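The values are calculated or read from the model by the stated rules, or taken from the named source; none is laboratory data. Quick caveat: nothing in here was measured; it's all calculated off a predicted structure. Neighbour counts are summed over all protein chains in view; Cβ atoms, including those assigned to glycine, are modelled from backbone coordinates with ideal geometry. Surface accessibility is based on the protein's heavy atoms, side chains included, excluding ligands, DNA and RNA. Shrake-Rupley method; radii C 1.70, N 1.55, O 1.52, S 1.80 Å.
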Amino acid sequence: MIAKIFAVGSVAAMFLTGCCDKRASCEDCSKYEEKSAAVQKSAAVPAESRDAATLAEQSKQAVLPEKPQESLSLWNDHAPAKDSLEAFVRATTDSTSPDFIPAERRIAVFDWDGTLFLETAPTYFDWMLFEHRVLDDSTYKPSKKQLKAAREGREKKVFPGLSAERERMVAEAYKGMTLSEFEAYVRAFMQEPQPGFTGLKRGEAYYKPMVEVVKFLTANGFTVYVSSGTERYTMRPVVVDGLGLPPKQIIGSDVVVVSNNQKGADGLAYTFQNGDNLVLAGQSIIKNLQTNKVTTLASEIGYRPVLAFGNSGTDASLLNYAISNNKYRAMGFMLLCDDLDREYGNEAKAEKMRAASEKYGWIPVSMKNDWKTIYGDGVQKAK
C-alpha cells in the first residue's frame, strides 16, 4: 500500500536526518474560522490584486502609536525581548518606514510545547494523553511495549526519546477513532486538573505573557501560525480554544488518516462514499521538528516567516529559517526555561539556549526575569 510505504519511509528519513466550537468537528473548518475572525483582524489580500496606493492606505491603519495599544502588560517594563518585539512591530507596520512589511507577508510562527504551553509538569501534553489512554482508559487494550513505556513515564518519570518506535506506539493508541471521537477524547482530557499546579486544568496551561504576544501580533496585522512536534489533531482543540486560531494555522506532526470503509485499499483506488467517516489509521507520517518544521512551512504557508519563537534545539531550524536571507526584517526569539519558583525550570537547558541565542543571533526570553506572571492569578506551583 502506497500510503503505508510513504508513512514508514518518511519517519525513517526524519530520524536519519536528524476545535473550536465544541459542537463542531475538526473536519469543519468554517466554524473555527468564524470563531477566530475577531482575533485574526487582518485578512490578507494578495499584493498583486491591489495597487500601491491601496496598500499604503490600508497599512496606515496598522501603524502603532509610540506605545502600542495592544500592550504586553504581563511583561516586566523594559524587558529586552519586549522592547525588541515592540520596536520590530512599530517599524514593520509603519508604511513610511524602510522596514515596512505588507500585511500578507507579516507571518509569525510559534512552537507550541514550552514556547506557548506547559511542557514540564512532568512532560509534553501528547505523552500525558498517551499515558492516560494506556493506563486509565479501560476500553483500550495496550500492547506490552505501550504498557511498559506508559508505566515508566508515570511511575519513574522516564520518557522515551525521539524515535520511530515512540511515534508508532503513540499513533497506534488511537487507531480506529474518528476525528470527531478523537477530538472529544482530547477535550475531555483538557478538563482534568494539571499535575504539578493548583488552580489549573490541562487545557489551560498557556504562558499568559506569550498569549499576549499572539494577541499583540494579530492586532497589528500579523498572521500567526503554530508549528509543533505534537501531532496535529491532538493539538488542534487546545490551540483553537486557547489562542483563537483556526485549524488551518495549526501545523503539527502528521499521522495517516483513512476512510473507515477503505479496508487497506490505497487512497488512489478508493472513492469516499456517502456515510464514510475519516479515522486515524494508527500510523505516523512525519515528526514536525528541526528542518521538518522548515519544509512544512514552505509547503503549507508558502511565505518565509518574519518572526519565529521557540524554546529548544529542535526549534533552531525554524528560527534560523526566519532570520537567514530574509528579504524583510526578521527576528527569532528563544524562550529560556529559567524559572524554578513559578515553573519547573531547567537551568542547564536555559543556559544552553542562551548560548545558542548568542551564537545564532536570536533574542532570549527569560521566563524568570521578563514576565510578571506565567499562568495568571490563582495558579500556584504545587509543593
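What net charge do the residues around Ala322 carry, taking every other residue with its C-beta under 14 Å from that of Ala322, with Lys and Arg at +1 and Asp and Glu at -1?
+4
Given a 1.4 Å probe, how much area per residue of the stretch 124-215 is accessible, in Å²?
Value for the stretch 124-215: 48 Å² per residue.
Determine ³J(HN,Hα), in whole Hz, for all residues of the stretch 256-261 in sequence, where each value follows from phi through the Karplus function 6.51 cos²θ - 1.76 cosθ + 1.60 and θ = phi - 60°; x replaces Gly and Pro.
6, 10, 9, 6, 5, 10
At 1.4 Å probe radius, can you tell me the per residue accessible area of the stretch 250-341 in Å²?
Heavy-atom accessible area per residue stands at 41 Å².
Give me the percent of accessible area attributable to carbon and sulfur for the stretch 284-383, probe 1.4 angstrom.
The computed percentage sits at 48.
Heavy atoms only, 1.4 Å probe, whole protein assembly: order Val257, Val224 by accessible area, highest first.
These residues rank, largest area first, as Val257, Val224.
Based on alpha-carbon centroids, what's the gap between the stretch 87-116 and the stretch 338-355 in Å, whole number please?
A separation of 27 Å, based on Cα centres.
State the extension gain, in nm to one decimal, for the chain segment bounded by Leu162 and Leu135, taking 0.36 nm per residue of separation less the distance between their alpha-carbons.
Using 0.36 nm per residue and subtracting the Cα-Cα distance, I get 7.6 nm.
Provide the net charge surrounding Val379, with neighbours chosen by a C-beta distance below 14 Å and charges set as Lys +1, Arg +1, Asp -1, Glu -1.
Residues close to Val379 contribute a combined charge of +2.
Bins of 5 Å, beginning at zero and ending with the bin holding the largest distance: percent of Cα pairs per bin for the stretch 263-345, please.
In order of increasing distance, the bins hold 3, 12, 15, 15, 11, 11, 10, 9, 8, 5, 2, 0 percent.
How do 154-162, 234-242 rank on mean C-beta neighbours within 10 Å, highest first?
My ranking of the peptides, most packed first, is 234-242, 154-162.
Using amide H atoms built in the peptide plane, which far-off residues or other-chain residues are under 5 Å from Ile286 H to H?
Amide H neighbours of Ile286, under 5 Å, 5+ apart: Asp254.
I want the local charge near Tyr270. Using Cβ-Cβ distances under 11 Å, sum +1 for each Lys or Arg and -1 for each Asp or Glu among the other residues.
That works out to -1.
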